[in-house]
Every structure is written in C-alpha cells, then in structure tokens.
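Chemist: My structure is below; once you've seen it, I'll send some questions.
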Amino acid sequence: MRMTFGTAMAATLAFAATAPLAAQAVRQPAPVPQAQATRALPQVQALVQRYVAEKRAPGLAVAIGHDDAPPALLAAGRTGTAPDAAAVTPDSLWRVYSMTKPITGIAAMILVEEGKLKLDQPISDFFPAYKNMRVLTDPDNSLESRPAAREITVRHLLTHTAGLGYNIVTKGPLLKEYERLGIIPAALNMQTEAQGRAVRPNSLREFAERTATLPLIADPGTKWSYSIALDIMGAVIEAASGMPFERFVQTRIFDPLDMASSYWQVPESEKGRLVDNYAWVGENLVPLDPAANSVFLQPPSFPYGGAGLVMSARDYDRFLAMLQHYGTLAGRRILKPETARLAMSNLLPQGVTYARVDDATGGSAGPNTGYGAGGSVMLEDVPGGPAAGTYGWGGAAGTIAFVDPKSRVRAVGMVNYFPAGKWPLRADIIQAAYSDLKR
C-alpha cells in the first residue's frame with residue numbers, strides 16, 4: 001500500500017531519542033490473575049475474547065481498576081496476524097498516539113504546582129516569537145491575517161484553545177504551510193517517516209519557533225479546536241523545567257510510578273513485545289507498521305508530546321491509578337490532591353465549549369463534556385456509566401483510557417489499527433466494565 005506522508009497521516013490519523021527506561025524499586029500490588037479476573041469481570045473478559053474471535057483485532061489488552069484493589073489485566077490474541085506472532089500480554093507494547101496528551105498535560109501541571117508555570121501565563125515568556133501572533137481572516141482561501149486579540153497561554157495549550165492547527169484536521173492554505181514547514185509531530189511508518197523527517201524540525205525548540213511564524217485559525221481562548229497544542233506544551237515544559245522534555249516526563253512521572261514499559265523509542269531488546277499496526281481496508285487488515293521494522297524503533301525527530309509514546313496496558317494503568325488516587329500511587333506523590341483535581345477539571349476558558357472530534361479519539365462518553373489538562377472531562381453523570389469528573393482520551397490507532405475518580409474506576413483498552421473508530425471499543429469497554437462492577 002503506497003502513501004505519501006501527508007495523505008497517509010490525513011487519511012489515518014484523522015480517523016481517529018531517549019534511552020530505554022529501567023524498572024524502578026517501587027512495589028505495586030500484584031495484578032489480578034487472568035483466571036480470577038475472568039470470574040470477577042465476565043463481561044470484560046467476554047469482550048476481549050469476542051474482539052479476537054470475530055477478528056476485529058489480532059490481539060487486545062485491557063486493564064480495569066476499581067477502588068484500591070490490584071488491577072485486572074486481561075489479554076487475548078496475538079501481536080500480529082502471522083501464525084507465529086507472539087501472544088498478547090499486559091506488557092505488550094502499543095502505539096498510544098494521542099493518549100500521550102494526558103501525560104504531557106499532567107507533566108505541565110507538575111510545573112504549575114511548583115510555580116514554574118501558571119495556567120494563564122503567556123507562552124511568550126518562554127518563546128518571545130509568540131508575543132504578536134496573527135489570526136487568519138479567510139482561512140479557506142488565503143493566509144491573510146490580522147493581529148490576534150490576545151496571547152496564547154498555558155491554559156490554551158492544555159485545552160486546545162490556542163488557535164493552533166493540526167495536519168490531520170486543518171484545511172486550505174494553512175495546511176500546506178504546516179506541511180511545508182514540517183509541522184507534523186507524529187510518526188506512522190518508515191515509508192512516510194522519510195518524507196516527514198526531511199522537512200520536520202529537529203528539536204522541540206525549533207518546532208515551537210517555526211510554528212510561531214504561522215497564523216492562527218482563531219483568537220486564543222475563543223474556540224476549541226484539536227491541535228498540536230500539546231506538542232508545543234512539550235517545548236514549554238522543556239523551557240520551564242530546564243531539562244529535556246522526555247527526561248522530565250521520565251524522571252517526574254515514569255520512574256516514580258514504575259512505568260518501565262513506556263518509550264519514545266522502543267529499544268531493540270524490547271521489539272519482541274511491540275505489536276504490529278494495521279490499516280483496515282474494507283474488511284481486510286493491511287500491515288501498516290510491522291513491529292520488525294517499525295518507525296518506533298528509531299529515535300523520533302523530537303519527543304512528540306501529542307502523539308509520541310509506545311506503552312503497555314500495565315503502564316498506562318499505573319498512570320491512571322495515580323490520577324484515581326489524586327496524585328499519589330504506592331507512596332510516591334506526583335501531584336498534590338488539589339493539583340490533580342484541577343488537572344481533571346474543566347479548564348476551558350469562559351464561554352468556550354468542547355466541540356468534540358471524531359469518535360475515534362475516545363474523548364467523551366456523555367452529552368455534557370469539558371476539557372482538562374490534555375484530556376476530556378465529563379461534566380455530568382451518565383446513568384449506569386462514568387460519573388462527572390471522568391477524565392481521559394484515546395489514540396488514533398484505537399487505544400482508549402479513562403479514569404473515573406468519583407466511582408474509583410479506571411480502564412485501558414489497547415489495540416493498534418486505523419481507523420480507530422472501526423469498532424466501538426471505548427463504548428464497549430465502558431459498558432462491560434460498569435456492568436461487571438455493579439455485580
């Protein structure tokens with residue numbers, strides 16, 4: 001299947017260099033054995049088995065957490081369609097794409113708690129080129145622009161209200177400029193990466209400064225629009241913390257939470273755990289990024305705060321468990337409770353509503369939804385389902401995750417195929433998990 005970088009990313013993502021991380025000494029409660037989880041969560045187990053049996057995915061991994069009990073980790077199928085592909089386990093590695101965004105959002109909130117960032121602080125404090133941004137006046141037809149009404153702030157980046165675009169959703173002349181300047185912070189496969197890397201900036205700083213030369217699609221703080229905002233947030237985190245973004249995430253989130261299977265680049269020694277990524281073409285699965293020569297085995301141009309991580313279901317569950325416990329897990333504190341609550345609250349500027357994106361993102365599961373630090377936030381209870389305050393997001397290759405602190409529930413679902421919305425995995429996991437927990 002032949003694709004150019006632009007068409008491949010638009011067609012697939014719109015549907016939906018660091019050293020290896022070492023395990024740390026933190027001890028987590030032992031996960032629930034799969035046989036026990038099957039008895040405790042029969043509908044979730046049936047869902048996992050059904051997706052594989054009906055060939056909706058070669059393999060699937062799910063993590064469900066409730067109260068203070070150890071997580072139930074369920075897996076079925078294989079890492080690819082080849083007969084000799086390895087069995088999927090809770091430690092198989094999945095491209096989580098936009099599920100990276102909540103991790104970047106929480107990294108920013110660590111700096112807000114420390115006073116190194118403020119929610120309503122202009123990002124021009126770190127990148128002066130953002131001081132005098134301009135806004136398109138005729139976005140469908142030209143790059144003509146006017147001065148922006150206000151500056152972009154940290155809050156705007158966290159909530160996709162900065163007026164920035166995204167090559168997977170932006171149209172017209174601005175999209176052409178994004179592509180020309182390499183404002184393409186994501187990787188698909190080795191073929192498209194050669195095209196993307198040829199024009200993409202080589203560092204987060206250069207990425208942020210190059211983006212600042214382009215006009216905005218709306219005045220900051222006036223419109224929710226899915227964007228590269230969390231990638232720019234990575235550059236701001238780097239500038240505010242005084243250390244590389246990927247090192248900050250590792251030392252302040254991954255290491256203390258014992259997330260030993262979260263990578264910006266999958267080390268050669270771990271590629272046996274990496275699943276293949278596929279594209280649905282009609283009712284057929286076509287290999288898109290085989291694990292054996294995956295683009296995620298090489299260093300990225302820079303760490304993509306909006307779409308760059310490869311993770312296991314076990315690791316993402318640890319991240320959610322920390323949020324479920326309002327910032328602390330296994331005696332390690334990532335955030336104060338008040339900061340965790342703030343991160344998972346509706347941070348949208350006054351008068352702005354969450355416009356939603358394609359269901360493939362796994363963003364919201366209710367009619368009334370806001371936006372927090374890199375993830376959607378439900379603003380009212382769903383009968384029989386998630387409660388108000390449920391926070392989470394999904395990934396372009398089908399992954400989904402959410403935490404419901406009020407009900408003390410969390411869930412992760414891992415598959416890797418495009419388009420993410422081919423099957424209603426997020427809705428299915430929500431329905432199965434809450435039905436089982438009622439028992």
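Chemist: Of these, A307, A260, A340, A360, which one is modelled with pLDDT of 95 or more and not in a loop (DSSP other than H, G, I, E, B)? Quick ask: steps written out before the conclusion?
Modeler: On the way: A307 fails: not in a loop (DSSP other than H, G, I, E, B); A260 fails: not in a loop (DSSP other than H, G, I, E, B); A360 fails: modelled with pLDDT of 95 or more.
Sole residue among the options that is modelled with pLDDT of 95 or more and not in a loop (DSSP other than H, G, I, E, B): A340.
Chemist: Within the stretch 180-218, which residues are under 26 Å from A148 (Cα atoms), surrounded by fewer than 16 Cβ atoms within 10 Å (Cβ to Cβ) and β-branched (V, I, T)?
Modeler: T213
Chemist: Condition first: touching an Asp or Glu at 6+ places or on another chain (Cβ under 6 Å) and under 26 Å from L204 (Cβ atoms). Now tell me which residues in the stretch 245-293 satisfy that.
Modeler: Correct list: F245, M259, S261, S262, W264, N277.
Chemist: Please specify each residue of the stretch 386-407 satisfying the condition of being hydrophobic (A, V, I, L, M, F, W, C) and surrounded by fewer than 24 Cβ atoms within 10 Å (Cβ to Cβ).
Modeler: A387, A388
Chemist: Something else: Could you grab me the full set of residues in the stretch 37-56 that are β-branched (V, I, T) and within 9 Å of L74 (Cβ to Cβ)? If you could, list the steps in order and put the result at the bottom.
Modeler: Restricting attention to the stretch 37-56, the residues satisfying the condition of being β-branched (V, I, T) are 38, 44, 48, 52.
Within the stretch 37-56, T38, V44, V48 qualify.
Chemist: May I ask you to say which residue of L347, L288 is closer than 23 Å to E114 by Cα and modelled with pLDDT of 95 or more?
Modeler: When all the criteria are applied, what remains is L347.
Listed here are the residues, each with its yes/no results for (1) surrounded by fewer than 16 Cβ atoms within 10 Å (Cβ to Cβ); (2) farther than 18 Å from G234 by Cβ.
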site	(1), (2)
H66	no, yes
A72	no, yes
T79	no, yes
A85	no, yes
Y97	no, no
P102	no, no
I123	no, no
D138	yes, yes
E144	yes, yes
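Chemist: Answer yes or no as to whether Y51 is of a type in the set (F, W, Y), touching an Asp or Glu at 6+ places or on another chain (Cβ under 9 Å) and at pLDDT 95 or above.
Modeler: yes
Chemist: Let me ask something else about it. From L119, L111, grab the single residue that is within 22 Å of the chain's Cα centre (by Cα), within 16 Å of A373 (Cα to Cα) and part of a loop (DSSP other than H, G, I, E, B). Steps first, answer last, please.
Modeler: Details: L111 fails: part of a loop (DSSP other than H, G, I, E, B).
Answer to the check: L119.
Chemist: Looking at T81, T104, T89, can you tell me which residue is among the hydroxyl-bearing types (S, T, Y) and not in a loop (DSSP other than H, G, I, E, B)?
Modeler: T104
The values are calculated or read from the model by the stated rules, or taken from the named source; none is laboratory data. Here the structure is a predicted model, which means the values were calculated and not measured. Counting neighbours? That spans all protein chains shown, and the Cβs are built from the backbone with ideal geometry, glycine included.
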